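A.B. asks: Right, I'll just put the structure down here and ask away after.
The values are calculated or read from the model by the stated rules, or taken from the named source; none is laboratory data. Bear in mind that the values here come from a model prediction, so they are computed numbers and not experimental data. Every residue, glycine among them, receives a Cβ derived from its backbone with ideal geometry; neighbour counts consider all protein chains shown.
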Amino acid sequence: MKKFLTATAAAALMASGAAAEDVKIGILQGFTGPTESLVGPMASAMEMAIEEVNASGNFMDGMTVVPVRGDSTCIDASAGVAAAERAITSDGVKGIVGGTCSGVTGAILANVAVPNGIVMISPSATSPALTTAEDNGLFFRTAPSDARQGEVMADLLIEDGVTSVAVTYTNNDYGKGLADAFASAFAEKGGEVTIQAAHEDGKADYSAEVAALASAGGEVLVVAGYLDQGGAGVIRSALDSGAFDTFHLPDGMVGESLSNAFGTEIEGSKGQAPGSNSEGTKIFQELGAGQFDSASPYTAEGYDAAALIMLAMQAAGSTDPNVYKDKVEMVANAPGEKINPGELGRALQILADGGDVDLVGATGVELIGPGEAAGSFRVVEIKDGKFETVGYR
Amino acid sequence: MDILNAIVALSNFVLVPAIAYGSQLALGALGVTLIYGILRFSNFAHGDTMAFGTMATILVTWALQAAGVSFGPLPTALLALPLGIAACILLVLGTDRLVYRFYREVKAKPIILVMASLGVMFILNGLVRFIIGPDDQRFADGERFIITARDFKEMTGLQEGLAIKTTQGITLVTAIIVVAVLFWFLNRTRTGKSMRAYSDNEDLALLSGINPERVVMVTWMIVAALATIAGVLYGLDKSFKAFTYFQLLLPIFASAIVGGLGSPVGAIAGGFVIAFSEVFVTYAWKKVLVYLMPENLEPSGLVQLLSTDYKFAISFAILLIVLLFRPTGLFRGKSV
């Protein structure tokens, strides 16, 4: 709450100090709730992109972009919808970077963004269900869908010669979506999923859940959960009862707190999280290094999401969402001049001169299908009790 | 060999966890049942009393750990337990003085006391979160296992492993000692006898010169000790989180009611009935059956009656069945 208050206060200050020629962009993120520790750096990354554009002075003949922060929360759809309503009707934002979590993002899209015709680019909502959501071409995301992560996970396991796994997932849109995507991909490639069981976060005891998983059997336990929550509890219980000793860890489980908690106990377990080894990522991380934790998950996606909205506006020569929405894919994809982080000013100039750009950005963003990132994944493995990057795909 | 494997698998995933959980529930239910028998109301603040006692114990444990004190292979929290119990006793005597005594003196109906305890519950809820925070706290230290699954497999050459955590062993041993002491106290000592007399017939007890305030005070002290011990054992075995202790209220009340409110033996039996049925009904029996059945009869499905999501529903269902068919509980306690 305190963070939120400071955030809104800061946003209010900025808003009051701005000139008449302003474009407001909503930074609608889960500042409170289960993702609050991730959102701080993400929002800073988005605002870094906005500052970069403002500093160049090239945006729409000298207009200024003003970020307006709003708390979409991660799990409270009604609070998220209310925050989005306020951003659009009261603050008058022309585009939204958000939301953070899949469930709330879907709710905002259906109830606020589509009825009001506002472009929404989410840096971190990964549920496959959003691919088919009714969006009138207004919704994009710079994070890959979990349908893609499911494929990558299935490939990794099959390549390691694993043919039978048990799956447990956190009981929400993210966990269910990822588990389903993985199960169908894995079955297609000839693997067998022995059980697909949900677990609730925030319980003290997961022995009953692990008992069911152990009974179903499998060479590896796939834990599609959260590393500070039930996911870690399930792993603890599985290790204690000797049910499993190798795990596969999707993006919600990859983090230092997990390797600190288990170390060599889960030696050899693999996982993957969105990430790329592109030049853009390195440039972005150096740019942000002094200001916030630029290696934190989804910061790079956040930077790209904010950059896409502004470049699309410039390309369309309009801040009307229904006009610039058609330019988002154009500025994100080839052909055009490649644009790395820190070169947004140059990109704006090229667009103003009538040229075409291809935002490489911090994640090498490339929009496919219905406006979502193809995405690349960083494959990690626990070696000597630490997460080590073993490849990209 | 297959039969042995089946037994070991069953013990590892069902029996050992259920026995530990059952002991923890039984100790919690004993506290509820004592309050009901002697003070004549359902104490909704019991879960949070457990949380408070555990929190006090954790704070002392941290102080001991910081001072470099340890208890060898056993958790340091056991050393801190007496101080935790003392803190909890002060708390419940304080709430009794501030809240419950007034209602007792005006001879309020039990439902008013229940509502008062609901208020105490919310205050304790906030107090615990305020002091130690809403997050998970792990405070178990010392040796983690009596025997690990891997060691067991190597020792016996069986396919299935059996893991017994130190905390599970401690839970069972402590529960047995506590229950033995409690029953000795209730049946053999003068104070214990006066408590039972007061519970059976209040007027008669008063006539024979039993001091009611003293009985009430001793009851609260015993309940605080039981609550703290149950809470610390649960926290050592799993983890401490204010919210989970609040949630424990349901299975604890289910245990006490199934066994028969007011009956100490019933509370213990009820604790194990609830714990075992929660685990038995949600267990996937495939693994055990594969070992036991001839090959052509092996099940292909999971043989799971209910998904583990429905764990809490089972406590409710048993509660309903007992209340419908035997409202006084298995051991003929007071009817609810």
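A.B. asks: Quick check on this structure: which one of B:A275, B:A230 is within 30 Å of B:R332 (Cα to Cα), part of a helix (DSSP H, G or I) and either modelled with pLDDT of 95 or more or in contact with a strand residue (DSSP E or B) (Cβ under 8 Å, 6 or more places away or on another chain) (or both)?
C.D. replies: Result of the check over B:A275, B:A230: B:A230.
Residues are listed down the side, and each one gets a yes or a no for (1) among the aliphatic types (A, V, I, L, M); (2) surrounded by 14 or more Cβ atoms within 10 Å (Cβ to Cβ):
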position	(1), (2)
B:R144	no, yes
B:G161	no, yes
B:V178	yes, yes
B:F185	no, yes
B:N201	no, no
B:N211	no, no
B:R214	no, no
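A.B. asks: Against the definition (touching a residue at least 24 places away in the same chain (Cβ under 8 Å), buried (at least 24 other Cβ atoms within 10 Å of the Cβ) and either assigned to a helix (DSSP H, G or I) or among the hydrophobic types (A, V, I, L, M, F, W, C) (or both)), how does A:A261 come out, yes or no?
C.D. replies: Spelling it out, it is not the case that A:A261 is touching a residue at least 24 places away in the same chain (Cβ under 8 Å), buried (at least 24 other Cβ atoms within 10 Å of the Cβ) and either assigned to a helix (DSSP H, G or I) or among the hydrophobic types (A, V, I, L, M, F, W, C) (or both).
A.B. asks: Then there's this: Which one is nearest to the other protein chains (Cβ to nearest Cβ), of the residues in the stretch B:252-291 that are surrounded by fewer than 24 Cβ atoms within 10 Å (Cβ to Cβ) and aromatic (F, W, Y)?
C.D. replies: Looking at residues that are surrounded by fewer than 24 Cβ atoms within 10 Å (Cβ to Cβ) and aromatic (F, W, Y), I get B:W285.
A.B. asks: For the stretch A:313-355, enumerate the residues that are surrounded by 15 or more Cβ atoms within 10 Å (Cβ to Cβ), among the hydrophobic types (A, V, I, L, M, F, W, C) and outside any helix (DSSP H, G or I).
C.D. replies: A:I339
A.B. asks: All but one of (1) surrounded by fewer than 22 Cβ atoms within 10 Å (Cβ to Cβ); (2) out of contact with any Gly (no Cβ under 8 Å at 6 or more places or on another chain); (3) more than 14 Å from chain A (Cβ to nearest Cβ) hold for B:S11; state the number of the condition that does not hold.
C.D. replies: Exception for B:S11: condition (3).
A.B. asks: From the list B:T156, B:T166, which residue is within 12 Å of another protein chain (Cβ to nearest Cβ) and touching a helix residue (DSSP H, G or I) at 6+ places or on another chain (Cβ under 9 Å)?
C.D. replies: Being within 12 Å of another protein chain (Cβ to nearest Cβ) and touching a helix residue (DSSP H, G or I) at 6+ places or on another chain (Cβ under 9 Å) holds for just one of B:T156, B:T166, which is B:T166.
A.B. asks: Look through the stretch A:153-173, keep the residues that are touching a Lys or Arg at 6+ places or on another chain (Cβ under 7 Å) and buried (at least 21 other Cβ atoms within 10 Å of the Cβ), and return whichever of them is nearest to A:A243 (Cα to Cα).
C.D. replies: By that ranking, first place goes to A:Y169.
A.B. asks: Sticking with this structure for a sec: Report, by residue number, each residue of the stretch A:69-87 that is surrounded by fewer than 24 Cβ atoms within 10 Å (Cβ to Cβ) and under 20 Å from A:K325 (Cα atoms).
C.D. replies: Matches in the stretch A:69-87: A:E85 only.
A.B. asks: Then there is this: Taking the stretch B:292-312 on its own, how many of its residues are within 12 Å of chain A (Cβ to nearest Cβ) and part of a helix (DSSP H, G or I)?
C.D. replies: The qualifying residues number 5.
A.B. asks: Considering only residues that are of a type outside the set (D, E) and more than 9 Å from chain B (Cβ to nearest Cβ), which ones fall in the stretch A:207-228?
C.D. replies: If the condition is that a residue be of a type outside the set (D, E) and more than 9 Å from chain B (Cβ to nearest Cβ), then A:G218, A:V220, A:L221, A:V222, A:V223, A:A224, A:G225, A:Y226, A:L227 are the ones that fit.
A.B. asks: Within the set of pairs 6 or more residues apart or between chains, which connect a residue that is on the phi < 0 side of the Ramachandran plot inside the stretch A:146-167 to a residue that is modelled with pLDDT under 90 and basic (K, R) with Cβ atoms less than 9 Å apart?
C.D. replies: Hits for this filter: A:V152/A:R393; A:D155/A:R393; A:L156/A:R393.
A.B. asks: Report, by residue number, each residue of the stretch A:240-251 that is crowded, with 20+ Cβ neighbours inside 10 Å and either within 14 Å of another protein chain (Cβ to nearest Cβ) or assigned to a helix (DSSP H, G or I) (or both).
C.D. replies: A:D240, A:S241, A:G242, A:A243, A:F244, A:D251
A.B. asks: Sticking with this one: Could you tell me which residue of the stretch A:108-135 is surrounded by the fewest Cβ atoms within 10 Å (Cβ to Cβ), considering only residues that are in contact (Cβ under 8 Å) with a residue 40 or more places away in the chain and part of a loop (DSSP other than H, G, I, E, B)?
C.D. replies: Looking at residues that are in contact (Cβ under 8 Å) with a residue 40 or more places away in the chain and part of a loop (DSSP other than H, G, I, E, B), I get A:G117.
A.B. asks: A follow-up question, please. Consider only pairs whose beta carbons are under 6 Å apart and that are at least six residues apart or on different chains; among these, list those whose first residue lies in the stretch A:214-229 and is of a type in the set (D, E) and whose second residue is modelled with pLDDT of 90 or more.
C.D. replies: Taking only residues 6 or more apart or on different chains, the pairs are A:E219/A:V162; A:E219/A:S164.
A.B. asks: Within the group B:L158, B:L162, which residue is in contact with a Ser or Thr (Cβ under 8 Å, 6 or more places away or on another chain) and over 24 Å from B:L27 (Cβ atoms)?
C.D. replies: B:L162
A.B. asks: Hey, does the stretch B:134-151 have a residue that's part of a helix (DSSP H, G or I) and among the aromatic types (F, W, Y)?
C.D. replies: Scanning the stretch B:134-151 turns up no residue that is part of a helix (DSSP H, G or I) and among the aromatic types (F, W, Y).
A.B. asks: Filter the stretch A:283-312 down to residues that are touching a Ser or Thr at 6+ places or on another chain (Cβ under 6 Å) and surrounded by 24 or more Cβ atoms within 10 Å (Cβ to Cβ) and give me whichever is modelled with the lowest pLDDT.
C.D. replies: Per the criteria, the residue is A:Y298.
A.B. asks: So, one more: If I ask for residues that are in contact with a helix residue (DSSP H, G or I) (Cβ under 7 Å, 6 or more places away or on another chain) and not small (G, A, S), which ones from the stretch A:327-355 would you list?
C.D. replies: Within the stretch A:327-355, A:K327, A:V328, A:M330, A:V331, A:E337, A:I339, A:N340, A:P341, A:L344, A:L348, A:L351 qualify.
A.B. asks: When you look at B:L98, is it more than 21 Å from B:G133 (Cα to Cα), part of a helix (DSSP H, G or I) and in contact with a strand residue (DSSP E or B) (Cβ under 6 Å, 6 or more places away or on another chain), yes or no?
C.D. replies: In short, no.
A.B. asks: Something else: Could you say which residue among B:F102, B:F130 is closer than 25 Å to B:Y245 by Cβ and surrounded by fewer than 16 Cβ atoms within 10 Å (Cβ to Cβ)?
C.D. replies: B:F130
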